[in-house]
Amino acid sequence: MTPTDAYAELVRRSKEVGVLNSCAAVLGWDQQTYMPTSGAGLRGEQMALLAALAHQKVTDPKVGDLLAAVEGSDLVREPESDAAANARELRRTYDRAAKLPQALVEELARVTTQAQQAWQAAKAGNDFPTFRPWLEKVVALKYEEAGAVGFTGHPYNALIDEYEPGTTVAELKELFAGLTRELVPLIRKITDSPKRPDRSILHHDYPVDRQKVFAEAAAVAFGFDFTAGRLDTTAHPFCSGFGPGDCRITTRYNARSFPDAFFGVLHETGHALYEQNLPAEHFGTPLGAACSFGIHESQSRLWENQVGRGRPFWDHFFPRLRQTFPTALAKVSPDAFHFAVNDVRLSLIRVEADEATYNLHIALRFELELALLTGDLLVGDLPAAWNERVKALLGLDVPDDTRGCLQDIHWSFGGIGYFPTYTLGNLYASQLMAAARKDLGPAAVDADFRRGEFQPLKSWLTDRVHRHGQRYRAGDLCRRATGEPLSPRPFLSYLNEKYCPLYGVC
Ligand code: ZN
């Protein structure tokens, strides 16, 4: 078989796995939106069969032979060519899957399924001791996984590779240290300010049907293609890109609160714009897939926060919002509304945190999961360590574990290494937005937004980020898109420029 034939066969097999995975995605979406509860048993069997088929195809030794044939050929001479990029990423997936013993994969699936149930009950009942043995098992298995995959330096490097290939503990430690050093005093200044927004204006009667129409209009303005996507209702909002022509987003509505659904829709729209603008011809191969979790999250945060909580955006949308919700907003000024959606306050819950305090929640999780993995922190000591870090970083007392170390699902499903991608997303979002402003002209970008025109920004993101799929690793993609390696600087400048005038500080 010639290398060209080997590559064609590799792509054919990869696309087949892509189609299988997209079938699972359709079933997963249905499960969280419309499936009747009695369908859960059959759905479990359907999902397990699809996962097993995909796993067989990914780990088929023939894939290793095909990869070897391509890697030893001229096809990969240019490291950023289609073949080289696809071979590089398929090799990463293949090696990782091949190195994991079947018994470990099965044990992880079994334990994390039960651990999630135990976590749910423990969180509901504020009962860490019942979750403790499950978390101990998960941590031990993830440590075993890191050993099986192999790593240099910290075992966490093997785990984060699943979410953010190429990123290391050393880089992240430096990033979080720099970020925390500057965030803590800035947040203190903001929260010490006597100027406070009136948040109550966001919690009036906001009829759900009108919320839906309004959120859909904003999604369309950003560029979401409703002929290739849908917006539905679910308990836990998400975006699922099935593949070319079909991307689903979801949200949940609260008739007494405007921001929950609205900013959730903007967030998921950001994810969806990435999915809808990946190169369709590469669907099923790495070139047709998102670069990393951090880059994916950068797209959602950019549209939700950088655009959607900005004054130019509301200059366009607020008059329309007041027309849509006259009872709630008749007496509310644009200034008061904009201030309310940019409320900064120290809080215990990550998912409720504003963009200034959010990364401190991630910094503490990153620090604790590093220590758990190496055994420097024992699972039994987690609640005390958590509470101590919350006091040090946020100055708050944690009243119970439900609002402390039990609040997030991630560790129960084995997602050690996942949290930092949220912060990476925030940082990439700021850096990309700063670069887009520079390229498109800062005044032009704001003038566009005031007219409800977001196409130039979307096109810029498609050109710099979306269309490349996994051709470049996240760090390289950032350098190419923005001219600089990832830095917390643009994010910190953005926070200062936005919040200092709002709160009358600095
Ligand atoms: Zn997201």
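Might you let me know whether segment 225-248 holds any residue that is within 20 Å of the chain's Cα centre (by Cα), at pLDDT below 95 and closer than 19 Å to Phe337 by Cα?
no
Just to be sure before I move on: is Leu378 without any contact (Cβ under 8 Å) to a residue 24 or more places away in the chain and either of a type in the set (Val, Ile, Thr) or more than 24 Å from Glu497 (Cα to Cα) (or both) in the structure I sent?
Against the criterion (without any contact (Cβ under 8 Å) to a residue 24 or more places away in the chain and either of a type in the set (Val, Ile, Thr) or more than 24 Å from Glu497 (Cα to Cα) (or both)), Leu378 qualifies.
Among the helices (runs of 4 or more DSSP H) lying completely within segment 289-381, list those that include at least 1 residues that are out of contact with any Lys or Arg (no Cβ under 6 Å at 6 or more places or on another chain) and within 16 Å of the ligand (Cβ to nearest atom).
Filter on segment 289-381 gives 293-301, 358-374.
Go through segment 419-440 and count every residue that is more than 16 Å from the ligand (Cβ to nearest atom) and of a type outside the set (A, V, I, L, M, F, W, C).
Result for segment 419-440: 4.
Within segment 406-438, track down each residue that is of a type in the set (S, T, N, Q) and either in contact with an Asp or Glu (Cβ under 6 Å, 6 or more places away or on another chain) or farther than 30 Å from Gln455 by Cα (or both).
Scanning segment 406-438 gives Gln407, Ser412, Thr421.
Can you give me the number of residues within segment 217-245 that are in contact with a strand residue (DSSP E or B) (Cβ under 7 Å, 6 or more places away or on another chain) and of a type in the set (D, E, K, R)?
Residues that pass the stated criteria total 2.
Given the conditions (1) in a helix (DSSP H, G or I); (2) without any contact (Cβ under 8 Å) to a residue 60 or more places away in the chain, and given that Phe151 satisfies all but one, which numbered condition is not satisfied?
Against the list (1) in a helix (DSSP H, G or I); (2) without any contact (Cβ under 8 Å) to a residue 60 or more places away in the chain, Phe151 comes up short only on (1).
I need a count of the residues in segment 266-317 that are over 19 Å from Ala435 (Cα atoms), in contact (Cβ under 8 Å) with a residue 60 or more places away in the chain and of a type in the set (A, V, I, L, M).
The qualifying residues number 4.
State which residue is surrounded by the fewest Cβ atoms within 10 Å (Cβ to Cβ) when the search covers only segment 486-506 and only residues that are part of a loop (DSSP other than H, G, I, E, B) and small (Gly, Ala, Ser).
Gly504
Could you pull out the residue among Ala122, Ala146 that is surrounded by 16 or more Cβ atoms within 10 Å (Cβ to Cβ) and either over 20 Å from Thr374 (Cα atoms) or without any contact (Cβ under 8 Å) to a residue 24 or more places away in the chain (or both)? Talk me through it step by step, then tell me what you get.
Numbers: Ala146 fails: either over 20 Å from Thr374 (Cα atoms) or without any contact (Cβ under 8 Å) to a residue 24 or more places away in the chain (or both).
Ala122 is the lone residue from the list that is surrounded by 16 or more Cβ atoms within 10 Å (Cβ to Cβ) and either over 20 Å from Thr374 (Cα atoms) or without any contact (Cβ under 8 Å) to a residue 24 or more places away in the chain (or both).
For (1) modelled with pLDDT under 95; (2) assigned to a helix (DSSP H, G or I); (3) under 25 Å from the mean Cα position of the chain (by Cα); (4) loosely packed, with under 15 Cβ neighbours inside 10 Å, each residue gets a yes or a no:
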site: Asn86; (1), (2), (3), (4): no, yes, yes, no
site: Glu89; (1), (2), (3), (4): no, yes, yes, no
site: Ala109; (1), (2), (3), (4): yes, yes, yes, yes
site: Thr112; (1), (2), (3), (4): yes, yes, yes, no
site: Val138; (1), (2), (3), (4): no, yes, yes, no
site: Asn157; (1), (2), (3), (4): no, yes, yes, no
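Could you list, in sequence order, the residues of segment 185-227 that are among the aliphatic types (A, V, I, L, M) and either surrounded by fewer than 16 Cβ atoms within 10 Å (Cβ to Cβ) or in contact with a helix residue (DSSP H, G or I) (Cβ under 6 Å, 6 or more places away or on another chain) (or both)?
Ile190, Ile201, Leu202, Val208, Val213, Ala215, Ala217, Ala219, Val220 - these are the residues of segment 185-227 that are among the aliphatic types (A, V, I, L, M) and either surrounded by fewer than 16 Cβ atoms within 10 Å (Cβ to Cβ) or in contact with a helix residue (DSSP H, G or I) (Cβ under 6 Å, 6 or more places away or on another chain) (or both).
Residue-by-condition table, conditions (1) in contact with a strand residue (DSSP E or B) (Cβ under 8 Å, 6 or more places away or on another chain); (2) touching a residue at least 60 places away in the same chain (Cβ under 8 Å); (3) under 24 Å from Ser487 (Cα atoms):
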| site | (1), (2), (3) |
| --- | --- |
| Asn426 | no, yes, yes |
| Met433 | no, yes, yes |
| Ala436 | no, no, yes |
| Leu440 | no, no, yes |
| Phe449 | no, yes, no |
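How many residues does segment 71-84 hold that are part of a helix (DSSP H, G or I), within 17 Å of Arg473 (Cα to Cα) and not acidic (Asp, Glu)?
Number satisfying all stated conditions: 3.
Among helices (runs of 4 or more DSSP H) lying entirely in segment 419-485, which contain 2 or more residues that are farther than 25 Å from Ala221 by Cβ and modelled with pLDDT of 95 or more?
Fully inside segment 419-485 and qualifying: 420-440, 474-482.
The values are calculated or read from the model by the stated rules, or taken from the named source; none is laboratory data. All figures in this text were calculated on a predicted structure; none of them were measured in a lab. Here the Cβ is made from the backbone with ideal geometry for all residues, glycine too, and neighbour counts use every protein chain on show.
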